[in-house]
1. Restricting the search to segment 27-60, which residues are without any contact (Cβ under 8 Å) to a residue 24 or more places away in the chain and of a type in the set (Val, Ile, Thr)?
2. Would you check if GLY114 is open to solvent by 40 Å² or more (accessible area, probe 1.4 Å) and part of a loop (DSSP other than H, G, I, E, B)?
3. Got a number for residues in segment 78-94 being modelled with pLDDT of 70 or more and either open to solvent by less than 70 Å² (accessible area, probe 1.4 Å) or β-branched (Val, Ile, Thr) (or both)?
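The values are calculated or read from the model by the stated rules, or taken from the named source; none is laboratory data. As the structure is a prediction and not an experimental result, all values here were calculated from the model. Ideal geometry is used to build each Cβ from the backbone, glycine not excepted, and the neighbour counts take in all protein chains shown. Only protein heavy atoms, including side chains, enter the accessible area calculation; ligands, DNA and RNA are left aside. Shrake-Rupley method; radii C 1.70, N 1.55, O 1.52, S 1.80 Å.
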Amino acid sequence: FVNLLRLFIFCISLVCTFSGTGILTLVLTVVIGLIVFSRRGIISAKTIWKFILLLCIIFLCALMFMPNIFEYLLYRATEILKYNENASSGYVRFVAGYKTLLYSFKENALLGIGIGNIDEFINSYPQDVLDRGNGFLRIGIELGIAGLILWVYYLIRNFRHKNNNTTYTVMVILVVVLQLMSDSFSMNYFWAFLYFLDVEIVSDKQEDRAYN
């Protein structure tokens, strides 16, 4: 009950920020987490229904006390459909990045344009609205299809890591969600997530060698 209460307070606080990105990040994290933990048998069907009930309560509270929030979120969603220099966050994040990826594939689809060259590459197309996009797109732009394959393989190995615990799995989920929502490689705390994941893997391998 205490953990659910904490989660409820956190969710309400996030909704009150009117952050479209924050709310979408929360929803993606919860959905992916429920799918992963239910498949592993870490959480039961009863717990999943508790989460669904909690989300319904949050939805009703938001509808009662902040009736304009859904109109605001709908407005933010329309940013994705058409570029507007006064409200461009959605378009830049979810559309412009894919356009940059397509342009980069014309240059070198297999290996990309090279690490650190993305800003120069974007500036070479002043006639169009381009952006770095999210973390996955940046890997595809700079390292091409080969880089994307290696990165997805790395994430899958982390998800399937035999000794991972709940905290470790949550960190992997956060890495994936952060990459979907933003240019995560520009964030210092994202590199901290990757560091802790790698430390966990290396320490487990050392323990296995010592045991064997």
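1. Result: VAL27, VAL31, ILE35, ILE43, THR47, ILE48, ILE52.
2. no
3. Residues flagged as modelled with pLDDT of 70 or more and either open to solvent by less than 70 Å² (accessible area, probe 1.4 Å) or β-branched (Val, Ile, Thr) (or both) within segment 78-94 amount to 8.
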